[in-house]
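Undergrad: Dropping a structure here in structure tokens format, bear with me for questions.
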């Protein structure tokens, strides 16, 4: 489908103008004369060395995939319901691999593109497929005849003789049925189903507002004083103004490095007051629905329902964990913020000015530079993206006994995506695949996250994908990462390893996910490699000279690790408390009540005043997905991660034997069994807070 010089391609000019956001077209939908560069290539033939995906090119293809999943679901449930003499093979195994789970490649093909396709129509269709699957999942938990077969199997001698792994799935399936409202009368059961469906729809609308936000702010170059010249040049428009969006590669540099307070204030207001449509109203609607779901099932709150199956067990246990920690953090947080306020007064010459929310990142960075010799702009010269990515992957391979092989011919949703096959280093057994989609573009998921696309089942291996929004190369120069970007990449990659190293059929599916308050622990533990001398030396390579971080700068970074830790920890506690407050027994009634809650809690816990009308709930996507009533888990998991690192890796971060033990005892079990038991085996004792407090310098 090539074009001639006399008849130029109708797409090229727009594609070149919109390099990161171009909607690459399927050949059947491209206009006449479209050149090969503008057309999404056909999928290569599938082989054992490729993930089993052919990404849909049309909405009709997405609809066909979703319809096939729905039909398979109905057939599977009917077959289980018709079983006369229940066995593990006829009742439990089909439900472990229920067609709407991520053990089915069609589920991924139908819904994943909502997060990353360059075509808005396909994103919307994929989002609709996800909603259809959520309805299937909810309905599958309310089928009384299927539940009866599981209960009948539970009473058999075969069930009593099952091993621990298989028994886990029987109990998990029964638990899901029991929490689905099967004990309710018909009217309440119908209301419960309607509430779950409505909540899923509200969350989908919220997520769409985040993904499709197109806020554009324009500033004169002098309004962005302090920003890197290359960063400014890449965003300078034809009229000389500089374009700033709310995506991380724009947002973080402005808040950390822009010396103009009015600009920082303007960008912060755009994010917390103006952007993301009706998201605050959607949060208010979602928490009311979740409150009602909990009430219908006999729980005081959504938080009580959500925490019942987690490590914490209850909101009361979370309070018992966070309360003493908050008390120990408060003094340090106050001292940190006082230091930032004093720095602002010195910097501005105004002895009476106060620290604003939009000042915190800037003066934290300036404090690092002044007091610890850590300059974010200087440091990032040592972290070219390609080197960080390749080194991170080498470190994980060495630690966990794995081999990654890049694959260059595969079906993809965007040309910048990379694909790797993962094998066990000793046996060359295929462990799975992962995609890397690292750069921002219009319509793409706006933060950093891992998507577990496919789960292990029989001969099928897992497939994961990392979606990030890291700085991308420009003007022929390598992309440079801030140290915080390196930490983020290392962290997210840890989630990929958790997904690929979990063993056993159906592990890490809906039925076997590890508790939400543990899921961050493995990745947070691996962040520590970005804070060791050995790790920083390997990760660093100056963009021009190739030199590693000089000893003085490296030592300054390590010395500054806990600078501002009090204020940072207070913010984490605030976010966790906010999450539990909106999902507790006393749910805010509307957006105005949510605003009042944020206005009260932010200064009370984080000790930072909330600007008028500012509300980070507009973009706090964690609380509108499976992290609702679970954000405390980041702090909970951080305590566990610090203990794991200090006990098994601090003396020798690159101890391959310890890494393999970690893979076998912590990652491999996935969600099967009790995480506390796995941790005790790995640590040689029960977990403790001591290592966390010491590592953060909290007295």
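Undergrad: Return yes or no: is residue 585 surrounded by fewer than 19 Cβ atoms within 10 Å (Cβ to Cβ), touching a residue at least 24 places away in the same chain (Cβ under 8 Å) and over 26 Å from residue 370 (Cβ atoms)?
TA: yes
Undergrad: Select, from 567, 592, the only residue that is more than 19 Å from the chain's Cα centre (by Cα), in a helix (DSSP H, G or I), buried (at least 18 other Cβ atoms within 10 Å of the Cβ) and on the phi < 0 side of the Ramachandran plot.
TA: It is 567.
Undergrad: Please note which helices (runs of 4 or more DSSP H) are completely contained in region 1-116 and include at least 2 residues that are surrounded by fewer than 16 Cβ atoms within 10 Å (Cβ to Cβ) and modelled with pLDDT of 85 or more.
TA: 59-81
Undergrad: Given 614, 637, 630, which one is in a loop (DSSP other than H, G, I, E, B), surrounded by 16 or more Cβ atoms within 10 Å (Cβ to Cβ) and within 17 Å of the chain's Cα centre (by Cα)?
TA: One residue alone meets the criteria, 630.
Undergrad: In the list 305, 399, which residue meets the criterion of being within 30 Å of residue 168 (Cβ to Cβ) and either over 28 Å from the mean Cα position of the chain (by Cα) or outside the structural domain of residue 569 (by TED's automatic domain parsing) (or both)?
TA: Within the list 305, 399, the selection yields 399.
Undergrad: Another question about this same structure. List the number of the failed condition for residue 349; all other conditions in (1) over 30 Å from residue 496 (Cα atoms); (2) surrounded by 14 or more Cβ atoms within 10 Å (Cβ to Cβ) hold.
TA: Result: residue 349 fails condition (2) only.
Undergrad: Still on this structure, please answer the following. Restricting attention to region 448-466, which residues are closer than 23 Å to residue 541 by Cβ and either in contact with a strand residue (DSSP E or B) (Cβ under 6 Å, 6 or more places away or on another chain) or modelled with pLDDT of 95 or more (or both)?
TA: Within region 448-466, 466 is the sole residue that qualifies.
Undergrad: Output the number of residues of region 117-126 satisfying the condition of being over 15 Å from residue 411 (Cα atoms) and buried (at least 20 other Cβ atoms within 10 Å of the Cβ).
TA: Going through region 117-126 one residue at a time, the tally reaches 5.
Undergrad: Determine whether region 550-559 contains at least one residue that is closer than 21 Å to residue 322 by Cβ and surrounded by fewer than 21 Cβ atoms within 10 Å (Cβ to Cβ).
TA: The answer is no, given that none of the residues of region 550-559 is closer than 21 Å to residue 322 by Cβ and surrounded by fewer than 21 Cβ atoms within 10 Å (Cβ to Cβ).
Undergrad: Determine, yes or no, whether residue 345 is more than 23 Å from the chain's Cα centre (by Cα), at pLDDT 95 or above, assigned to a helix (DSSP H, G or I) and in the same structural domain as residue 242 (by TED's automatic domain parsing).
TA: no
Undergrad: May I pose another question? Hey, can you tell me all the residues within region 681-692 that are at pLDDT below 95 and assigned to a helix (DSSP H, G or I)?
TA: Across region 681-692, the qualifying residues are 690, 691, 692.
Undergrad: Is it true that residue 234 is assigned to a helix (DSSP H, G or I), closer than 30 Å to residue 377 by Cα, touching a strand residue (DSSP E or B) at 6+ places or on another chain (Cβ under 7 Å) and modelled with pLDDT under 95?
TA: Considered against the rule, which asks whether it is assigned to a helix (DSSP H, G or I), closer than 30 Å to residue 377 by Cα, touching a strand residue (DSSP E or B) at 6+ places or on another chain (Cβ under 7 Å) and modelled with pLDDT under 95, residue 234 comes out as yes.
Undergrad: Name the residues in region 655-672 that are modelled with pLDDT under 95 and over 24 Å from the mean Cα position of the chain (by Cα), would you?
TA: none
Undergrad: Quick one: in region 250-289, which of the residues that are under 21 Å from the mean Cα position of the chain (by Cα) and within 14 Å of residue 219 (Cα to Cα) is surrounded by the fewest Cβ atoms within 10 Å (Cβ to Cβ)?
TA: Among residues in region 250-289 that are under 21 Å from the mean Cα position of the chain (by Cα) and within 14 Å of residue 219 (Cα to Cα), the one surrounded by the fewest Cβ atoms within 10 Å (Cβ to Cβ) is 251.
Undergrad: With respect to residue 469, determine if the residue is within 18 Å of the chain's Cα centre (by Cα), modelled with pLDDT under 95 and closer than 28 Å to residue 204 by Cβ.
TA: Against the criterion (within 18 Å of the chain's Cα centre (by Cα), modelled with pLDDT under 95 and closer than 28 Å to residue 204 by Cβ), residue 469 qualifies.
Undergrad: Moving to a separate point now. Would you be able to tell me the number of residues in region 425-453 that are within 13 Å of the chain's Cα centre (by Cα) and within 17 Å of residue 51 (Cα to Cα)?
TA: Residues that pass the stated criteria total 3.
Undergrad: Considering only region 454-466, how many residues are touching a residue at least 60 places away in the same chain (Cβ under 8 Å) and surrounded by fewer than 23 Cβ atoms within 10 Å (Cβ to Cβ)?
TA: So the answer is 2.
Undergrad: Which residues, counting only those in region 156-193, are assigned to a loop (DSSP other than H, G, I, E, B) and surrounded by 13 or more Cβ atoms within 10 Å (Cβ to Cβ)?
TA: Residues satisfying the conditions are 156, 162, 179, 180, 181, 182, 184.
Undergrad: Which condition breaks for residue 329 when tested against (1) crowded, with 20+ Cβ neighbours inside 10 Å; (2) at pLDDT 95 or above; (3) within 22 Å of residue 565 (Cβ to Cβ)?
TA: The one condition residue 329 does not meet is (2).
Undergrad: Can you find a residue in region 64-84 that is more than 30 Å from residue 175 (Cα to Cα) and either in contact with a helix residue (DSSP H, G or I) (Cβ under 6 Å, 6 or more places away or on another chain) or free of Cβ contacts under 8 Å to residues at least 60 places away in the same chain (or both)?
TA: Yes - at least one qualifying residue is present in region 64-84.
Undergrad: Check residue 609 against each of (1) modelled with pLDDT under 95; (2) in a loop (DSSP other than H, G, I, E, B); (3) surrounded by fewer than 20 Cβ atoms within 10 Å (Cβ to Cβ) and name the one condition it does not meet.
TA: Residue 609 satisfies every listed condition except (1).
Undergrad: In contact with a helix residue (DSSP H, G or I) (Cβ under 9 Å, 6 or more places away or on another chain) and either assigned by TED's automatic domain parsing to the domain that holds residue 517 or under 22 Å from residue 501 (Cβ atoms) (or both): which single residue out of 639, 672 fits that description?
TA: Just one listed residue meets the conditions, 672.
Undergrad: Would region 117-127 turn up any residue that is outside any helix (DSSP H, G or I), more than 29 Å from the chain's Cα centre (by Cα), within 30 Å of residue 243 (Cα to Cα) and modelled with pLDDT of 90 or more?
TA: No.
The values are calculated or read from the model by the stated rules, or taken from the named source; none is laboratory data. Bear in mind that the values here come from a model prediction, so they are computed numbers and not experimental data. Cβ coordinates were reconstructed from backbone atoms using ideal geometry, including for glycine residues, and neighbour counts include every protein chain displayed.
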